[in-house]
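First the structure, which I've put down as structure tokens, then a few questions once you've had a look.
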Amino acid sequence: MKLMPKLLFASLPFLLLPLFGAVDVPTVNLTMSAPAEPKDLVNTLNIIIVLTLLVLAPSLILVMTSFLRLIVVFAFLRQALGTQQTPPTQLLVTLALVLTLFIMEPMGKEAYEKGIQPYMDKKIGYEVAYDEAVKPFKSFMLRNTRESDLALFYRIRNLPNPTTEEEVTLPILLPAFMISELKTAFEIGFLIFLPFLVIDMVVSSVLMSMGMMMLPPVMISLPFKILIFVLVDGWHLLVGNLVESFK
């Protein structure tokens, strides 16, 4: 468990490159050859394990940001509209990533300026750089995590509740943040579903009163739902309120 946070920190420079322009990245020479000694085989296996964890690190970083709430809400919106694969999943994921970059930019800059850049300039050690780089993201997660969710995982571990933010560790904060974000996203999804559910019910009642029971109500209600969503400037309202919902 101690290795994973360090790998997350190690992958931060690559995720923050678009924010700060070109940065000199050291080259790595990875060669595979038959081991001459047992120690060489162990070193090779360690490299494979570290590379595997580094591949997973960007995905873990995504769940430490606003991406989780955004993508779940967008999925609820598409389901409520009943447009099947429109907008396509790739487009929704891209929009969520762009909004995540917009929301997390202040935290990313702070992590880069206080942790990564001083470490690259050899002004601070690795441990200090890790603490300074993780601190903005940790503070963001704490602000958007419910105390009850955080207390749940402390109770599972049979640990006393922390008294300060510094005492909260990432292995406990990360799952608490994720379930808090999922609950918030489901609450927003419920509010999104309500107006479209009313439209479906009205269309179904009209069709039944006209005796057109064989006609799928979704086929009739879909154009009305799209029209209303466009008239109220739904994307503007949804994205604006989603961005402002983060503390």
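How much solvent-accessible surface does ARG143 expose, in Å² to the nearest 10, with a 1.4 Å probe and all protein chains in place?
100
Considering only C-alpha atoms, what is the centroid distance from the range 75-147 to the range 148-190, in Å?
Computed from Cα coordinates, the inter-centre distance equals 17 Å.
I've got another one for you. Please get the size of the charge dipole for the range 79-185, origin at its Cα centre, with Cβ charges of +1 on Lys and Arg and -1 on Asp and Glu, quoted in debye to the nearest 20. Display every interim value, and only then the final one.
Working: 11 positive and 13 negative charges, 45 e Å.
In debye, rounded to 20, the range 79-185 gives about 220.
Follow-up. Count the lysine pairs in the range 111-152 that are 8 or more places apart or on different chains: how many have C-alpha atoms under 15 angstrom apart?
Numbers: LYS114/LYS122; LYS114/LYS123; LYS114/LYS135; LYS114/LYS138.
Pairs that pass both the separation and distance tests number 4.
Would you mind counting up the charge near ALA80? Only other residues with Cβ under 11 Å from its Cβ, with Lys and Arg at +1 and Asp and Glu at -1.
Working: positive: ARG78, LYS225; negative: ASP200.
Taking every other residue near ALA80 into account, the sum is +1.
What does the highest-first list of 101-111, 219-229 look like by mean Cβ count within 10 Å?
101-111, 219-229
The values are calculated or read from the model by the stated rules, or taken from the named source; none is laboratory data. The shown structure was predicted, so the numbers you read here are calculated from the model rather than taken from an experiment. Positions of Cβ are generated from backbone atoms using ideal geometry, with glycine treated the same way; all protein chains shown enter the neighbour counts. Remember, those area values only see protein heavy atoms, side chains included, never the ligands or the DNA or RNA. Shrake-Rupley method; radii C 1.70, N 1.55, O 1.52, S 1.80 Å.
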